[in-house]
């Protein structure tokens, strides 16, 4: 049995609305998992290259020592430094590339006893996340399934980018119940508040959002 893994956030992401919600300043969270394998989850924007190299060095690593790179989804702010890790196995969506040899999984892919890549669809239909067993509990690295710690207080923060809202809200509730800590797509790691019924709160918000839309545009029937 291997010892518990460690999750280190190399760079917390951010997402700040600009120009009255017409644009967003954003970068994705970049994480390192130390287990039997060294794993980087999401690789940020091109501007993050030197930060990644510096933070890896601080953890006794170089890009050549990374065994896996996992991208939670294909947005530019989560994939733009993949080329730093030419020796790593690359997992994007449900595709696994070892060099130019591709294989595939449907729901879960186990890297070792601590680390499992799993479907976390909602933001898009190919979104994945990583469940990591650590000494302090289960850490879920979720990509944009969660934007940041308190995005459940205002559902519009994540629903605006959701391509599969039903799957999104269902998987958010599932991960919230399962995980002790969450690493969101655009913020630092946070401890899950188990007193919050996230599904109940978000369903209420979405109903209110729908009603406001009906009040403005009318009840559209197809």
Being at pLDDT below 95 and on the phi > 0 side of the Ramachandran plot: is that true of residue 93 here? yes
Collect the residues in region 176-201 that are buried (at least 17 other Cβ atoms within 10 Å of the Cβ), in contact with a helix residue (DSSP H, G or I) (Cβ under 9 Å, 6 or more places away or on another chain) and under 25 Å from residue 107 (Cα atoms), keeping them in residue-number order. 176, 182, 184, 185, 186, 192, 198
Evaluate region 185-198: report whether one residue or more is assigned to a helix (DSSP H, G or I) and either out of contact with any strand residue (DSSP E or B) (no Cβ under 8 Å at 6 or more places or on another chain) or touching a residue at least 12 places away in the same chain (Cβ under 8 Å) (or both). yes
Filtering region 139-158 for residues that are outside any helix (DSSP H, G or I) and touching a strand residue (DSSP E or B) at 6+ places or on another chain (Cβ under 9 Å) leaves a count of 12
Residues (without any contact (Cβ under 8 Å) to a residue 12 or more places away in the chain and not in a strand (DSSP E or B)) located in region 4-28: 19, 20, 21, 22
For the structure I just gave you, tell me whether residue 109 is part of a strand (DSSP E or B) and either under 27 Å from residue 38 (Cα atoms) or touching a strand residue (DSSP E or B) at 6+ places or on another chain (Cβ under 7 Å) (or both). yes
(1) part of a strand (DSSP E or B); (2) out of contact with any helix residue (DSSP H, G or I) (no Cβ under 8 Å at 6 or more places or on another chain); (3) without any contact (Cβ under 8 Å) to a residue 40 or more places away in the chain; (4) crowded, with 18+ Cβ neighbours inside 10 Å: which one isn't true of residue 31, the others all being true? (3)
Tell me yes or no: at least one residue of region 113-132 is over 16 Å from residue 28 (Cβ atoms), surrounded by fewer than 14 Cβ atoms within 10 Å (Cβ to Cβ) and under 18 Å from the mean Cα position of the chain (by Cα). yes
Counting only residues that are within 16 Å of residue 107 (Cβ to Cβ) and in a strand (DSSP E or B), region 127-138 contains a total of 4
May I ask you to list the residues in region 79-106 that are in a helix (DSSP H, G or I) and either exposed (fewer than 12 other Cβ atoms within 10 Å of the Cβ) or free of Cβ contacts under 8 Å to residues at least 12 places away in the same chain (or both)? 83
Determine if region 49-70 includes at least one residue that is surrounded by 19 or more Cβ atoms within 10 Å (Cβ to Cβ), assigned to a loop (DSSP other than H, G, I, E, B) and touching a residue at least 40 places away in the same chain (Cβ under 8 Å). no
The condition from (1) surrounded by fewer than 19 Cβ atoms within 10 Å (Cβ to Cβ); (2) touching a helix residue (DSSP H, G or I) at 6+ places or on another chain (Cβ under 7 Å) that residue 147 misses is numbered (1)
How about region 34-48: which of its residues are out of contact with any helix residue (DSSP H, G or I) (no Cβ under 7 Å at 6 or more places or on another chain), in a strand (DSSP E or B) and without any contact (Cβ under 8 Å) to a residue 60 or more places away in the chain? 34, 40
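The values are calculated or read from the model by the stated rules, or taken from the named source; none is laboratory data. No experiment lies behind these values; they were computed from the predicted model shown. We place every Cβ from the backbone using ideal geometry, glycine too, and count neighbours over all the protein chains shown.
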